[in-house]
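Trainee: Structure in structure tokens, see below.
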Amino acid sequence: MTTGETLWTLRAECPIPSRLSPHADRVQEWLLGLLPELGLALDDAALRRLSRGAFARYAGRLYPEATEADLRTLTALFTWFFLVDDACDGPDRFAPEQIRALRNGTLTLLHDGPRLRQAGLTGPLRRLLVLAWREPRRRMPARWRLRFADAVARHLDGTWQEAVNKEAGRRPSVDEYIELRRSTSAAEVSYPLVEFTSGRPLPDPVYHHPLLRRIAHVGNDLLSWYNDLASLEQDRATAGGHNLVLAMEAERGVPTAEAVERAAERWRESMRRFVALRSAVPSFGPTVDQAVTDHLDVIGYAVRGTIDWTLESARYPTGAAQPASGA
């Protein structure tokens with residue numbers, strides 16, 4: 001079975017239902033009009049890539065019940081993270097010290113607002129984040145803003161660590177990679193955003209409940225490993241071994257086809273664990289349970305949304321057309 005066929009097979013095995021916001025395509029058009037206004041140097045080819053990347057559809061799959069205005073905010077945030085990913089992982093990628101400066105500038109903006117400037121966050125990236133952060137900063141309580149900023153810090157710290165590894169030529173073991181991937185995926189950044197769209201922030205003790213944290217980690221693994229399968233060939237050229245399949249190949253001395261199947265089986269085991277953990281969540285009381293449901297839903301939507309978006313977006317060549325059965 002090819003890697004592309006494996007992607008479609010895992011999609012068919014995913015028990016999480018597919019959702020999509022009815023506003024997604026309108027928000028995608030809005031995004032394409034916005035980015036040149038922020039000063040991004042986009043020729044026609046770059047605009048086509050952004051259009052085919054379908055970032056608004058990705059956000060719309062994670063937050064299908066968001067208003068159109070809120071989906072614009074979420075799409076702007078998603079786009080910011082994708083642009084940062086490209087800057088940190090492309091052929092002309094940022095050096096580790098540039099990523100560290102970007103992290104510090106980003107956290108200054110998230111904590112203190114746009115008045116203070118730092119050299120690490122400038123130009124279109126800064127303008128996009130200022131725009132995207134305006135509504136969450138205005139509407140959400142300080143404890144939620146701190147929680148979100150902490151998630152962003154962990155993500156950028158992981159991005160920095162991966163860059164350090166690449167510069168040193170250090171390839172992670174499977175266990176090291178899995179732990180690092182939980183930071184570099186940005187999944188933990190996406191989870192609190194459902195509280196912005198619903199207006200129901202979780203209390204900190206509930207958000208950090210061990211069972212909810214375990215579900216968040218497993219959901220993160222599921223979407224990260226699926227992405228690793230989709231980006232395998234690009235990562236072989238640029239990622240310095242930072243991919244689950246590549247880490248398995250190197251550590252266990254197996255050919256690509258076997259490493260792909262092992263990664264897929266590990267995904268299946270984690271999906272079974274995800275379903276079991278989700279069914280074991282207790283009631284936290286009538287005033288909190290709906291917010292808990294929102295939180296668990298977005299973790300599931302992040303898994304299924306990543307699958308569906310990966311197979312429709314031009315960002316990742318999947319290597320296989322959709323089976324005739326529509327599986």
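Trainee: Report yes if some residue within segment 246-267 is within 22 Å of residue 58 (Cα to Cα) and touching a helix residue (DSSP H, G or I) at 6+ places or on another chain (Cβ under 9 Å); otherwise report no.
Mentor: yes
Trainee: Report whether or not residue 200 is among the basic types (Lys, Arg) and under 30 Å from residue 95 (Cβ atoms).
Mentor: No: the conditions fail for residue 200.
Trainee: Still on this structure, I have one more. Looking at (1) in contact (Cβ under 8 Å) with a residue 40 or more places away in the chain; (2) in a helix (DSSP H, G or I), can you tell me which one residue 265 breaks?
Mentor: So residue 265 meets the others, but not (1).
Trainee: Now for a separate question. May I ask you to say which residue of 141, 64, 114 is modelled with pLDDT of 95 or more and surrounded by fewer than 19 Cβ atoms within 10 Å (Cβ to Cβ)?
Mentor: Being modelled with pLDDT of 95 or more and surrounded by fewer than 19 Cβ atoms within 10 Å (Cβ to Cβ) holds for just one of 141, 64, 114, which is 141.
Trainee: Based on this model, can you work out whether residue 259 counts as under 29 Å from residue 164 (Cβ atoms), among the hydrophobic types (A, V, I, L, M, F, W, C), modelled with pLDDT under 95 and assigned to a helix (DSSP H, G or I)?
Mentor: no
Trainee: Then there is this: Within segment 275-315, how many residues are more than 20 Å from residue 208 (Cα to Cα) and of a type in the set (D, E, K, R)?
Mentor: Result for segment 275-315: 4.
Trainee: List every residue pair whose Cβ atoms lie under 8 Å apart, where the two residues are 6 or more positions apart in sequence or sit on different chains, the first residue falls within segment 13-38 and is over 30 Å from residue 275 (Cα atoms), and the second residue, located anywhere, is of a type in the set (Lys, Arg).
Mentor: Cβ pairs passing all conditions: 25/57; 27/72; 28/57; 30/72; 31/72; 38/127.
Trainee: May I pose another question? As an exercise: evaluate residue 224 against (1) without any contact (Cβ under 8 Å) to a residue 60 or more places away in the chain; (2) touching a helix residue (DSSP H, G or I) at 6+ places or on another chain (Cβ under 6 Å); (3) over 16 Å from residue 185 (Cβ atoms) and give the number of the one condition it does not meet.
Mentor: The single condition residue 224 does not satisfy is (3).
Trainee: Which residue, of 77, 121, is farther than 28 Å from residue 26 by Cα, buried (at least 16 other Cβ atoms within 10 Å of the Cβ) and either of a type outside the set (Phe, Trp, Tyr) or modelled with pLDDT under 95 (or both)?
Mentor: That would be 121, the only listed residue that is farther than 28 Å from residue 26 by Cα, buried (at least 16 other Cβ atoms within 10 Å of the Cβ) and either of a type outside the set (Phe, Trp, Tyr) or modelled with pLDDT under 95 (or both).
Trainee: Can you tell me which of 137, 100 is within 21 Å of residue 204 (Cα to Cα), within 21 Å of the chain's Cα centre (by Cα) and not in a loop (DSSP other than H, G, I, E, B)?
Mentor: Just a single option satisfies the conditions, and that option is 137.
Trainee: Here is a further query. For segment 222-245, state whether one or more residues are more than 27 Å from residue 75 (Cβ to Cβ), surrounded by fewer than 22 Cβ atoms within 10 Å (Cβ to Cβ) and in contact with a Lys or Arg (Cβ under 6 Å, 6 or more places away or on another chain).
Mentor: yes
Trainee: When you check residue 218 against the structure, is it part of a helix (DSSP H, G or I), of a type in the set (Val, Ile, Thr) and either surrounded by 18 or more Cβ atoms within 10 Å (Cβ to Cβ) or under 21 Å from the mean Cα position of the chain (by Cα) (or both), yes or no?
Mentor: Yes; evaluated as a whole, the condition is true for this residue.
Trainee: Continuing with this model, one more query. Residues of segment 152-172 being in a helix (DSSP H, G or I) and not charged (D, E, K, R), which ones?
Mentor: Within segment 152-172, 152, 153, 155, 156, 158, 159, 160, 161, 163, 164, 165, 168 meet the criteria.
Trainee: Now a separate question. Residue 175 - would you say it is crowded, with 22+ Cβ neighbours inside 10 Å, at pLDDT 95 or above and either acidic (Asp, Glu) or part of a helix (DSSP H, G or I) (or both)?
Mentor: No, not satisfied.
Trainee: Moving to a separate point now. Within segment 12-61, how many residues are polar (S, T, N, Q), surrounded by fewer than 16 Cβ atoms within 10 Å (Cβ to Cβ) and modelled with pLDDT of 90 or more?
Mentor: Looking only at that region, the number is 1.
Quick grid of which residues meet (1) crowded, with 20+ Cβ neighbours inside 10 Å; (2) modelled with pLDDT of 95 or more; (3) within 18 Å of residue 191 (Cβ to Cβ):
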position	(1), (2), (3)
270	no, yes, yes
274	yes, yes, yes
277	no, yes, yes
280	no, yes, no
283	no, yes, no
305	yes, yes, yes
327	no, no, no
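Trainee: Go through segment 227-248 and give me each residue that's assigned to a helix (DSSP H, G or I) and either at pLDDT 95 or above or under 17 Å from the mean Cα position of the chain (by Cα) (or both).
Mentor: Once the filter is applied, which keeps residues that are assigned to a helix (DSSP H, G or I) and either at pLDDT 95 or above or under 17 Å from the mean Cα position of the chain (by Cα) (or both), segment 227-248 yields 227, 228, 229, 230, 232, 235, 244, 245, 246, 247, 248.
Trainee: Of everything in segment 83-97 that's hydrophobic (A, V, I, L, M, F, W, C) and in contact (Cβ under 8 Å) with a residue 40 or more places away in the chain, which residue is surrounded by the most Cβ atoms within 10 Å (Cβ to Cβ)?
Mentor: Restricting to residues being hydrophobic (A, V, I, L, M, F, W, C) and in contact (Cβ under 8 Å) with a residue 40 or more places away in the chain, the top hit is 84.
Trainee: From 120, 169, 105, grab the single residue that is touching a residue at least 24 places away in the same chain (Cβ under 8 Å) and under 30 Å from residue 243 (Cβ atoms).
Mentor: 169
The values are calculated or read from the model by the stated rules, or taken from the named source; none is laboratory data. Values in this document were obtained by computation on a predicted structure and should not be read as measured data. When we count neighbours, we look across all protein chains shown, and the Cβ atoms used for this are built from the backbone with ideal geometry, even at glycine.
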